[in-house]
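Notes to accompany the following structure.
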Amino acid sequence: MTTLIEPAEHTALREAVAAFAASHRDAATVWQDAAKLGYIGVNLPETYGGGGGGITELSLVLEELGAAGNPLLMMIVSPAICGTVIARFGTDAQKQEWLPALADGTRLMAFGITEPDAGSNSHRITTTARRDGDSGDWLLTGRKVFVSGVDIADATLIVGRTEDARTGRLKPCLFIVPRDTPGFTRRQIDMELNAAEKQFELVLDDVRLPADALVGDEDAGLLQLFAGLNPERIMTAAFAIGMGRHALTKAIAYARERTVWSTPIGAHQAIAHPLAQAHIDLELARLMMQKAAHLYDAGDDAGAGEAANMAKYAAGEACVKAVDQAVHTLGGNGLTREFGLARLITAARVARIAPVSREMILNYVSHQTLGLPKSY
């Protein structure tokens, strides 16, 4: 059941992660050090070396890392999407191979779903998987774009489609594709975004995979896919809230000290009120994120789907507004490297765009929640 007050163990975890993040400024070592303390795999089963928590705990960790200026984008992908899907639907062998390594940070997994011609319409995914009748192997062919961290990931969880023998229709399935598999190539996309994780286009040219590369039941389809997509939205909300808090903290500190006339600029309502509004928006977004995480961890996939979309929407909007107001509070200084806010202008918009645009979330709420007809 969702609670408005964080339990003591969550407060303690939040404080511990905040203290850890404040003392770790080297992005190259944050992942491994966080993993050693159990933060990266906090949502994975204890049986496989994880913390035994859920997306509630993992989103808390990511939020606090982001608030300290160290948002780890791959936390959304590796433990939240891939780790969750394998923990829920993977075979015993897949769990043994991947979950302990994902939990202790020694291995990473990327996630490939978006395609050049599919965009937000997952029903148009053209990456197909077919069986080799002689060997039983899978053969994957297709393209993916905007896949994060493929160069540092040991494998990519690829969303493909297989033909249903009964209906002839294509259905979604997930496959683990190791990085160096023949026929699996990548090209880095030149991004304006200043982030440690790079973006890639992937090409799968008759990539041959053993039968056990398929995750879960071939007939589970959308259930398995959305088991990863709901945590993705919740974690994107955490990513955005952390970033917004980070920007706001810098702006507040500046507004307390910067004096142009006789008082610090933070004493003026034209400066103070927008910062207060940004804080309120971030707090409201966090409440929806916590609701979504609790629903997901309680096994309510349908309820979590609605709340996760709302949380992602609210957090994306709040983050963009917080970053914009932070930059504006600092004036010209907000665009200097010294204060480190300008780079967040581009990064903040990611939460509005990925993994699903705000317009598609409004479509979801219009149709699924309000029962309004579709225009497409």
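The values are calculated or read from the model by the stated rules, or taken from the named source; none is laboratory data. Model, not experiment: these values are computed from the prediction. For neighbour counting, all protein chains shown are included, and Cβ atoms are generated from backbone atoms with ideal geometry for every residue, glycine included. The area values use the complete protein model at the heavy-atom level, side chains included, leaving out ligands, DNA and RNA. Shrake-Rupley method; radii C 1.70, N 1.55, O 1.52, S 1.80 Å.
Report in % the part of the accessible area of the stretch 15-112 that belongs to carbon and sulfur, leaving out ligands and nucleic acids; probe 1.4 Å. Walk me through the intermediate numbers first.
Details: 1700 of 3290 Å².
On the stretch 15-112, the fraction of accessible area on carbon and sulfur atoms equals 52 percent.
For the stretch 217-372, compute Rh as the Kirkwood radius over C-alpha pairs and then the Stokes-Einstein diffusion coefficient at 25 °C and 0.890 mPa s; write the answer in µm²/s, rounded to an integer. Kindly include the intermediate steps, with their values, before the conclusion.
Numbers: Rh = 16.6 Å.
Taking Rh from Cα pairs, D becomes 148 µm²/s.
Among residues other than ALA292 whose Cβ falls under 14 Å from its Cβ, what is the net charge (Lys/Arg +1, Asp/Glu -1)? Kindly include the intermediate steps, with their values, before the conclusion.
Numbers: positive: ARG233, ARG286, LYS291, LYS312; negative: GLU57, GLU63, GLU232, ASP297, ASP300, ASP301, GLU306.
Within the 14 Å Cβ shell, the charges total -3.
Just add up the charged neighbours of GLN368: K/R +1, D/E -1, any other residue whose Cβ is under 12 Å from the Cβ of GLN368.
Local net charge: 0.
If one puts a single equal scatterer on every Cα of the stretch 37-194 and applies the Debye formula without solvent, what log₁₀ I(q)/I(0) results at q = 0.13, 0.15, 0.16 Å⁻¹?
Per q value, in the given order, log10 I(q)/I(0) is -0.68, -0.88, -0.99.
Which of the peptides 237-246, 54-63, 253-262 is most tightly packed, and how do the rest follow, going by the mean number of other Cβ atoms within 10 Å of each residue?
Values: 237-246: 29.5, 54-63: 26.3, 253-262: 12.3.
In descending order of packing, they fall as 237-246, 54-63, 253-262.
Tally Lys/Arg at +1 and Asp/Glu at -1 over every other residue whose Cβ is under 12 Å from the Cβ of HIS279; what's the total? Before the final figure, lay out the partial values.
Details: positive: ARG245, ARG286, LYS321; negative: ASP281, GLU283.
Net local charge, HIS279 excluded: +1.
Helix 8-22 sits at what angle to the longest principal axis of the chain, using alpha carbons and giving 0 to 90 degrees rounded to 10?
80
What number comes out for accessible area per residue over the chain if the probe is 1.4 Å? Units Å², please. Don't skip to the end; give the middle numbers.
Working: 17510 Å² over 376 residues.
For the chain, the solvent-accessible area averages 47 Å² per residue.
For the chain, what does -39500 (n - 2.57) per DSSP helix run (n ≥ 4), summed and divided by total residues, give at 222 nm, in deg cm²/dmol to the nearest 500? Numbers along the way, then the final one.
Details: 10 runs with 171 residues, N = 376.
Mean residue ellipticity, 222 nm, calculated: -15500 deg cm²/dmol.
Relative contact order for the chain: what percent, with Cα pairs under 8 Å and sequence separation of 6 or more?
Values: 713 pairs, mean separation 59.2, N = 376.
Value for the chain: 16 percent.
With a 1.4 Å probe and all protein chains left in place, how much of the accessible area of the stretch 318-376 comes from carbon and sulfur atoms, in whole percent? Let's see the in-between values first.
Details: 1880 of 3410 Å².
C and S atoms contribute 55 percent here.
What do the square roots of 5 times the Cα gyration tensor eigenvalues come to for the chain, in whole Å, largest first, as semi-axes of the equivalent ellipsoid?
Values: eigenvalues 275, 93, 83 Å².
Values for the chain, descending: 37, 22, 20 Å.
If you place +1 on the Cβ of every Lys and Arg and -1 on the Cβ of every Asp and Glu, how big does the dipole about the Cα centre of the stretch 242-376 come out, in debye to the nearest 20?
Numbers: 14 positive and 11 negative charges, 87 e Å.
In total the dipole reaches around 420 debye.
To test your reading of the geometry: what angle, between 0 and 90 degrees and rounded to tens, separates the Cα axis of helix 92-104 from the longest principal axis of the chain?
20
To test your reading of the geometry: what angle, between 0 and 90 degrees and rounded to tens, separates the Cα axis of helix 301-330 from the longest principal axis of the chain?
Once rounded, one gets 40 degrees.
Using mean Cβ contacts within 10 Å as the protection proxy, how do 67-77, 207-217 order, highest first?
Details: 67-77: 23.6, 207-217: 17.7.
For the peptides 67-77, 207-217, the packing ranking is 67-77, 207-217.
Which entries of LYS95/LYS374; LYS144/LYS312; LYS36/LYS321; LYS171/LYS321; LYS95/LYS198 have Cα-Cα distances beyond 29 Å here? Write out the running numbers ahead of the final one.
Details: LYS95/LYS374 40 Å; LYS144/LYS312 23 Å; LYS36/LYS321 35 Å; LYS171/LYS321 39 Å; LYS95/LYS198 27 Å.
Correct reply: LYS95/LYS374; LYS36/LYS321; LYS171/LYS321.
Looking only at GLN269, GLN199, GLN96, which one moves most when the chain is put into a Gaussian network model with springs between Cα atoms under 10 Å?
Between GLN269, GLN199, GLN96, it is GLN269 that shows the largest mean-square fluctuation.
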